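A quick write-up on the structure given underneath.
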Amino acid sequence: MKLLQAFLPLTILSFCTACSTVPNTDTTAGVDVQVRQTVESSFSDAPIMIKVAACESGLRQYARDGSVLRGIQHPPDSGVFQINKSAHRAMAQKLGLDLDTTQGNVAYARHLYDTEGTAPWKSSRPCWSKYQTAGR
């Protein structure tokens with residue numbers, strides 16, 4: 001029982017109303033483990049994009065209340081890669097991607113990276129550029 005009592009304060013489960021499961025959240029870092037794994041596996045060949053996601057959202061797709069994480073300075077920015085829905089919703093829909101889901105947000109970020117490199121995330125460049133090496 002003492003082990004359980006010691007463990008419970010460290011584990012906070014956040015519920016996503018659009019999800020059928022409870023996300024596995026590492027609350028010590030505020031990072032959803034599933035989001036981190038999705039980003040890391042999708043950008044294993046472009047580790048700078050993992051840093052971009054960390055700078056943009058802290059590797060979070062959802063806010064504490066379970067809603068999709070929105071930009072503070074730019075509310076149309078959405079999700080782990082803070083994709084601007086005003087600018088990108090139509091193309092994302094054309095590609096069959098939902099920017100409000102982790103998979104859709106990451107897949108669209110992949111599309112942007114493959115076509116434009118890191119340019120779409122220039123506003124957060126001061127945060128992640130120190131990790132950038134040769135290439136994009």
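For this structure, a couple of remarks:
- Where residue 103 falls short, out of the listed (1) closer than 14 Å to residue 51 by Cα; (2) touching a helix residue (DSSP H, G or I) at 6+ places or on another chain (Cβ under 8 Å): (1)
- Filtered residue count, region 55-82, keeping only those that are surrounded by fewer than 21 Cβ atoms within 10 Å (Cβ to Cβ), of a type outside the set (Asp, Glu) and within 17 Å of residue 35 (Cα to Cα): 8
- Sole exception among (1) assigned to a helix (DSSP H, G or I); (2) in contact with a Phe, Trp or Tyr (Cβ under 6 Å, 6 or more places away or on another chain); (3) closer than 18 Å to residue 33 by Cβ for residue 52, by number: (3)
Throughout, read-outs are computed from the coordinates displayed, never taken from laboratory work. Small disclaimer: the values here were computed from a predicted structure and weren't measured. A quick note on method: Cβ atoms are made from the backbone with ideal geometry, for glycine too, and the neighbour counts reach across all protein chains shown.
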